[in-house]
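Reviewing the structure listed below.
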2 protein chains.
Amino acid sequence: MAETTEYDLIVIGGGPAGYAGAIRAGQLGKKVACIEQERAGGTCLNWGCIPTKALLKSAELYQKMKKSDIHGITAKEVSFDFAKVIERSRGVSNQMAKGVEFLLKKNKVDYFIGRGLVNAPGMVSITEGEHKGKFFKTKNILVATGCKMRHIPGLDYDGVRVMTSREALAATHQPKSVIIVGAGAIGVEFAYFYNALGTKVTLVEMLPQILPVEDDEVSKTLHRALEKQGIAIHTGTTCENFRVGKNSVKVDLAKDGKKTEIEAETLLSAIGVVANIDGVLANNVKPELDRNFLKVGDDYQTTVKGIYGAGDIIGPPWLAHVATFEAVSAVNGMFGHGTPKRVKLFPGCTYCQPQVASTGLTEKAAKEKKLDYKVGKFPFTASGKAVASADSDGFVKVISDAKTGEIYGAHIIGAEATELIAEYGLAVEMEATVDEIHQTIHAHPTLSEALMEAAAATTGEAIHI
Amino acid sequence: MAETTEYDLIVIGGGPAGYAGAIRAGQLGKKVACIEQERAGGTCLNWGCIPTKALLKSAELYQKMKKSDIHGITAKEVSFDFAKVIERSRGVSNQMAKGVEFLLKKNKVDYFIGRGLVNAPGMVSITEGEHKGKFFKTKNILVATGCKMRHIPGLDYDGVRVMTSREALAATHQPKSVIIVGAGAIGVEFAYFYNALGTKVTLVEMLPQILPVEDDEVSKTLHRALEKQGIAIHTGTTCENFRVGKNSVKVDLAKDGKKTEIEAETLLSAIGVVANIDGVLANNVKPELDRNFLKVGDDYQTTVKGIYGAGDIIGPPWLAHVATFEAVSAVNGMFGHGTPKRVKLFPGCTYCQPQVASTGLTEKAAKEKKLDYKVGKFPFTASGKAVASADSDGFVKVISDAKTGEIYGAHIIGAEATELIAEYGLAVEMEATVDEIHQTIHAHPTLSEALMEAAAATTGEAIHI
């Protein structure tokens, strides 16, 4: 015990939950520390949401440039430097991580690089890294250690033959071919990225549809669009018998009792995440866990008083924006600033092209809940802005109560879907009705008009279909 | 009187007010006709909002391609074919106009090409064009003849030396230099477009700021951005003594008593609109007018019973989305489907880069109304998505009641501002507070998070600044 300092709050983990929670405590004038073992910003900022968006932007631009003649623009020898694409993405992460470090400082958060350990309620130490050996007393602890990518057992994730998104984000060599296992948001985004830059992509999903959590119609539309772009997609298919060779990986695809061998230069697995719980809690600290995720109450407190959890470490949906909300809400509650709120509603986004975004219930979920619902749909082919932009794939679908019109969920596939979903996010949060969306004047010409027209379509009042 | 047919409604004008009103009446099962003298879709679709968006898309893409190396993408000889850029834009208008014609048919609207004349309440004839001589009886008349571009007196708008946006949209020759008179949305969009494609642009505005209706801070930020792009801007400046020569136009710029002569290949005037009222009303039909615009009541009825007006012809703000809303609202009221609603709140958009969009009160207006307001601001430089997209100019500014937090207005300058404004449009419509925006989980990483952070900044709770 080299040192003791007493804090109001120590946050373990500097990702979207951890840094946001620490900053919020700083805003509230609390004495707070944040311990991060790697880099401020966590997975999201360093190895997830942010760097992938930089990669996808490059891929999109390359695709647009190859087709620029439809806009009257020409260019010769359109090409790319894969290493530079990756490099730029790392640069963006680096810039944002520095930004977070600046924000921590600005909000008077003591920031420690190292591995935080909860020794007991009110006691935290640093067990590895630059600040190893430091020991702190604290009134509250927020565990926000997040998750890491799940590995396929038995495979060596060497970053060349076998990768998760994390290794892929650093790999400056472009594979000629790749097998992507798992067609959730991460798998689909990498499939789009590699394919857009000319890698031969095979995308394999165990469940019956890609983006399994999205509305069936959206998934089907995306499936067709990605196939048209050249991606080989196998749904309802499992991967067996991984054979990693010197120059390639071979996998058996099993579907309906049949097996087919496929081979590619690289395998990227995107099969979910596991909790970062090892080495976070001393042996005598035993909050209740659920499959290694911390169980928390409505105030984000674990079953051990004074130890809170927020973000990926408390379980799904494993989304940065949910993590941030949880941490801020937990900290507000901890210090008497409002009643903490557990997350029930959140948007989900996939940044391939066409983009996919949703909030609230899918049609399937509405059916399963036996709700009396109506569907309103509007295609982007009928949107003047989409046609003017030569970007008219996709549609908006809104699900609402058949009697009251209250919006249960909204689903968008198409250009800027991930931005457009914000309006429906607010609508569901505020318990708005489709009529209220319809009666709100939307700027013309914008893609957002499609949100209004889908709402109007619910009652047969859309003008442009 | 070659023929008489009795209608429930005859709409004169086939633009965003006219066609939408006609379609709505068709949806309500009414017998309806729409008379358009030129092409379905009106100015917006044929000579305004839609074709300009196609032009701007080409200009944006050209700019992005010239700077693609920051994304790791390279190309040689990036160039454009101006005639093709214009041609594509005409093609988009043509496609959308056909779409509107299809929608009219689908909704059983009798569509006549010609010039409609209100002979009396309940009587309409066609005085020119294909269906000249037709005469109709009708229960209701909706005048939706819109506006046309105001001309500078004494100038010959030949489409070569002197143009409005209308002539510019058809001109397949790119001028080497252009003087744009008027820095409202149209003037600014053409300034961006021409400058992006290499034309030397001088933009002149009589009022103290470009985009005079927008928030001062937004206008200032855009002013700097456009100047940085290479546009010469003169605000608080009037144009005098126009001299149109064989190969150029000369104009004196007058500011603070000083005059400077400037010269360009072409002059584009964007100084507002005048009502399309000539030849619409027979001499004996005299609804009250206000500077040639139809005066209407809360039910959109003019002072003559049975004659309604909607869209640009009833006066400002002269926006397509407002026109559509008015016409649909008027028609609903006419046929007993709900109470008509006059427009008080609407978004405004300018599609240059960075884009500008707003809804509700500017800070200046809030001051003038002596409201007790607060400002929340968030810059896109602090947005992960904006940085990843290399598009981080601009900010979000929200103005709300200092006590209740109710949102008075929102102002966005930056990438996709015209789409992002939709959420704040709904928020103001629903009388949401900044706290409700702040408590709505926004997807990460999106530009829309900046809307949430600006709301949070109002109370010092933004995480990322």
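The values are calculated or read from the model by the stated rules, or taken from the named source; none is laboratory data. Just so it is clear, the structure is predicted and the values come from calculations on it, not from any experiment. No Cβ is skipped: glycine too gets one built from the backbone with ideal geometry, and neighbour counts run over all protein chains shown. In case anyone asks, the SASA skips ligands and DNA or RNA and just uses the protein heavy atoms, side chains included. Shrake-Rupley method; radii C 1.70, N 1.55, O 1.52, S 1.80 Å.
List of remarks:
- For A:Pro379: the one exception among (1) within 24 Å of B:Asn332 (Cβ to Cβ); (2) more than 10 Å from chain B (Cβ to nearest Cβ); (3) open to solvent by 10 Å² or more (accessible area, probe 1.4 Å): (1)
- So B:Lys67, is it farther than 26 Å from A:Ala462 by Cβ, basic (Lys, Arg) and open to solvent by 50 Å² or more (accessible area, probe 1.4 Å): yes
- Looking only at segment B:149-187, residues that are touching a residue at least 40 places away in the same chain (Cβ under 8 Å), over 18 Å from B:Tyr62 (Cβ atoms) and in a helix (DSSP H, G or I) come to 5 in all.
- Residue within segment A:386-406 that is more than 7 Å from chain B (Cβ to nearest Cβ) and part of a helix (DSSP H, G or I) present: yes
Residue by residue, here is whether (1) closer than 18 Å to A:Lys30 by Cα; (2) part of a strand (DSSP E or B); (3) among the charged types (D, E, K, R); (4) in contact (Cβ under 8 Å) with a residue 60 or more places away in the chain holds:
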{"position": "A:Ile313", "(1), (2), (3), (4)": "no, no, no, yes"}
{"position": "A:Val322", "(1), (2), (3), (4)": "no, no, no, no"}
{"position": "A:Ala327", "(1), (2), (3), (4)": "yes, no, no, yes"}
{"position": "A:Asn332", "(1), (2), (3), (4)": "yes, no, no, yes"}
{"position": "A:Gly338", "(1), (2), (3), (4)": "yes, no, no, no"}
{"position": "A:Val356", "(1), (2), (3), (4)": "no, yes, no, yes"}
{"position": "A:Gly376", "(1), (2), (3), (4)": "no, yes, no, yes"}
{"position": "A:Thr381", "(1), (2), (3), (4)": "no, no, no, no"}
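- Restricting attention to segment B:407-420 and to residues that are open to solvent by less than 10 Å² (accessible area, probe 1.4 Å) and more than 9 Å from every other protein chain (Cβ to nearest Cβ), the residue that is nearest to the chain's Cα centre (by Cα) turns out to be B:Ala417.
- Among the residues examined, A:Leu226 qualifies as closer than 20 Å to A:Glu60 by Cα and within 20 Å of the chain's Cα centre (by Cα).
- Applying the criterion of at least 1 residues that are within 14 Å of chain B (Cβ to nearest Cβ) to the strands (runs of 3 or more DSSP E) found wholly in segment A:28-135 leaves A:32-36, A:73-80, A:109-113.
- Restricting A:Glu431, A:Glu449, A:Glu423, A:Glu436 to residues that are within 12 Å of chain B (Cβ to nearest Cβ), in contact (Cβ under 8 Å) with a residue 40 or more places away in the chain and within 27 Å of B:His411 (Cα to Cα) narrows the list to A:Glu449.
- Test: residue in segment B:127-138 that is touching a Ser or Thr at 6+ places or on another chain (Cβ under 7 Å) and of a type in the set (Ser, Thr, Tyr): no
- Leading residue by the ranking (nearest to the other protein chains (Cβ to nearest Cβ)) among those in segment B:323-350 that are surrounded by fewer than 23 Cβ atoms within 10 Å (Cβ to Cβ) and aromatic (Phe, Trp, Tyr): B:Phe346
- Residue in segment B:309-322 that is over 30 Å from A:Thr459 (Cα atoms), touching a helix residue (DSSP H, G or I) at 6+ places or on another chain (Cβ under 9 Å) and surrounded by 21 or more Cβ atoms within 10 Å (Cβ to Cβ) present: no
- The criterion of being outside the structural domain of A:Lys53 (by TED's automatic domain parsing) and in contact with a Pro (Cβ under 8 Å, 6 or more places away or on another chain) does not hold for A:Ala390.
- Strands (runs of 3 or more DSSP E) fully within segment A:242-286 counting 1 or more residues that are open to solvent by 70 Å² or more (accessible area, probe 1.4 Å) and among the hydrophobic types (A, V, I, L, M, F, W, C): none
- Taking the criterion of being in contact with a strand residue (DSSP E or B) (Cβ under 9 Å, 6 or more places away or on another chain) and either hydroxyl-bearing (Ser, Thr, Tyr) or without any contact (Cβ under 8 Å) to a residue 24 or more places away in the chain (or both), the residues of segment B:264-283 that qualify are B:Thr266, B:Ser269.
- Odd one out for B:Val213 among (1) open to solvent by 40 Å² or more (accessible area, probe 1.4 Å); (2) touching a Pro at 6+ places or on another chain (Cβ under 8 Å): (2)
- Taken over segment A:28-52, the criterion of being farther than 13 Å from A:Asn94 by Cα, surrounded by fewer than 23 Cβ atoms within 10 Å (Cβ to Cβ) and in contact (Cβ under 8 Å) with a residue 24 or more places away in the chain is satisfied by A:Leu28, A:Lys30, A:Lys31, A:Gln37.
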